[in-house]
Amino acid sequence: MDYRVILTKIITLIYRSRTINSTENDDLIRTILQTIKSDSPEFNFNGHNVIKKLKDFAQQLLDEKDLVAKEVIIPQVSIILENDNKLLTVLKESLEVDYDEATSKRVIISSVKLLNNVYKEHLATELLSKVTYDLKFNRSKISNFSEYLKNAIANLEPLTNVLTTIKDPALVNEIDFANIDNLNTVFEEVKNLNNNKSIYVTGWQALNRSLQSGLRRGEYISIGALQHKYKTGFSLSLFMQIARHNKPIILPTEVGKKPLLLRISFEDSLTGNLQFMYQYLKAHDGITVTSKDFENVSSSDMGSYIIDKLTNTGFHIKMMRVDPSQWTYSSVINKIIELEAQGYSVHLLMLDYALLLPTVGCTMGPMGADKKDMLRRFRNFCSARNIIFITPLQLSSEAKMMIRNGIPEHNLVNETAEKGYYDGCKSLDADIDLEMQIHLFNHKGKKYLAFRRGKHRIPTVISEELKYFMLKFPSLNTPILEDIDKEDSSFTKLPKSFESDGGSGLLEEVLN
């Protein structure tokens, strides 16, 4: 890796970005500069450290938000490079040409792609160095060599694919609510993050009790339910609750990074997601939103409202809609690595839902083995980075048959939790850290959601009574309200009297 070439590319990128008044890639540049260790003795020649001087100059340009004229940059770089006329010529040619805005953007995209690949190479080198060190000097601390090797390979594999494009053809659209340098491959360390300093609370008291305080960073969490039984509504609610009721938990390796909550949908449109989110947030302000209400509010007002509600605790929010037929698990991992290079630290990855992705590159075997392997790869990758990984999983037709055979709907979650009733593979729960089961049902004119916590991979245990509860929808066009700062709204027994609904409309698509 020739740092001189990389640094001249960075200088060119800064200049081209400033010509179009852009600071969009500054965090990526800052990240790459941090990976360049310019104080190595090998860079000193007759007291002249070209790498350090180029790095310092690039940092000066980066700190200057306005455009620095090329007539200033070229002489300065000429002094630093001294006799390297070839590299100086390349730099001069890249700066002296006057591009229009469209061409400048294409040049910027090309440079960003190169720097992202540089970052991935850095991560791969760091990972291989750590594995080598562990095997040479910490072998006695590796209790399960096979598992350690599998985790190392799972973390290394996505880094073998260079980024071929910045504009991903599978990305349908993207929402950015706010326009780790090193891999942590020691899986056991992540599993020890079971303390209140690494827990995000949810908006429901009963759920927090069931989870023994909340959601832990590094956990792989599943939401099991039958088809069209509120998996999207429940996961979106959790997504907003983490943003609303928690300040980012910044680990020592994440200081200076932007805490990010990332949700990627492979099925539902962002339009539908945002409609639900807007209605959900308004309901907590005491305002019921109907379809007609959307005609009387401007797009900018809705956008500003959601941004204010979900980012005021310090999180950055990104939501994406992706065509799953054009992505694999490696594509998701590459996206996270790309975001890390841009200065983000991903705290939550929510995939709605992961098993819609093709299982290309995953281990084949008995029925469902490829799906199980893909989820295991996600789990290992996210655990090493302390990322909460949440994805809904669909229950099998056998679970649906239970209802036909007379199991009360409010009790279905108790019958399916921890028993492997997953569509396509009964052993999908093998690698799950936290299993949730939910079921939406109607009782005497009202909508309810039953919840049961299944397995939870933490050393402490709770009573069975705390694992099960129900919540009620206030009306058909109002989502389940949070109760974290109110009276506990959960219960375990259904009312005997008939209750009329009195509402209709907006939530029907989500609920049914």
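Restricting attention to segment 383-399, report how many residues are crowded, with 16+ Cβ neighbours inside 10 Å and of a type in the set (D, E, K, R).
1
For residue 335, indicate whether it is modelled with pLDDT under 85 and basic (Lys, Arg).
no
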Practice problem: Kindly indicate which of 197, 141 is surrounded by fewer than 16 Cβ atoms within 10 Å (Cβ to Cβ), more than 30 Å from residue 421 (Cβ to Cβ) and at pLDDT 85 or above. | Solution: 141
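Please work out if residue 180 is farther than 30 Å from residue 146 by Cα, within 15 Å of the chain's Cα centre (by Cα) and either modelled with pLDDT of 95 or more or surrounded by 16 or more Cβ atoms within 10 Å (Cβ to Cβ) (or both).
No: the conditions fail for residue 180.
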Self-check item: Filter result for residue 427 (more than 27 Å from the chain's Cα centre (by Cα) and among the polar types (S, T, N, Q))
Solution: no
Quiz prompt | Scan of segment 250-266 for residues that are over 13 Å from residue 310 (Cβ atoms) and touching a Pro at 6+ places or on another chain (Cβ under 8 Å), ordered by number | solution = 250, 266
Quiz prompt | Exclusive hit being more than 15 Å from the chain's Cα centre (by Cα), surrounded by fewer than 23 Cβ atoms within 10 Å (Cβ to Cβ) and within 28 Å of residue 23 (Cα to Cα), set 334, 312, 414, 405 | solution = 312
Self-check item: Close pairs from segment 399-411: first on the phi < 0 side of the Ramachandran plot, partner assigned to a loop (DSSP other than H, G, I, E, B), Cβ under 8 Å, at least 6 apart
Solution: 399/226; 399/421; 400/226; 410/494
Quiz item: Restricting attention to segment 277-302, and to residues there that are in a helix (DSSP H, G or I) and of a type in the set (A, V, I, L, M, F, W, C), which single residue is surrounded by the most Cβ atoms within 10 Å (Cβ to Cβ)?
Solution: 277
Self-check item: Enumeration of residues in segment 452-482 that are in contact with a strand residue (DSSP E or B) (Cβ under 6 Å, 6 or more places away or on another chain) and assigned to a loop (DSSP other than H, G, I, E, B)
Solution: 473, 480
Quiz prompt | Evaluation of residue 420 against (1) on the phi > 0 side of the Ramachandran plot; (2) out of contact with any Lys or Arg (no Cβ under 9 Å at 6 or more places or on another chain) (one fails), failing number | solution = (2)
Quiz prompt | Filter result for the condition that a residue is closer than 23 Å to residue 225 by Cβ, in contact with a helix residue (DSSP H, G or I) (Cβ under 9 Å, 6 or more places away or on another chain) and surrounded by fewer than 19 Cβ atoms within 10 Å (Cβ to Cβ), over 274, 351 | solution = 274
Practice problem: Would you please name the residue that is farthest from residue 222 (Cα to Cα), looking only at residues in segment 456-495 that are at pLDDT below 90 and of a type in the set (Ser, Thr, Tyr)? | Solution: 475
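The values are calculated or read from the model by the stated rules, or taken from the named source; none is laboratory data. Everything numeric in this text was worked out from a predicted model, so none of it was measured. Please note: Cβ atoms are built from the backbone with ideal geometry, for glycine as well, and neighbour counts cover all protein chains shown.
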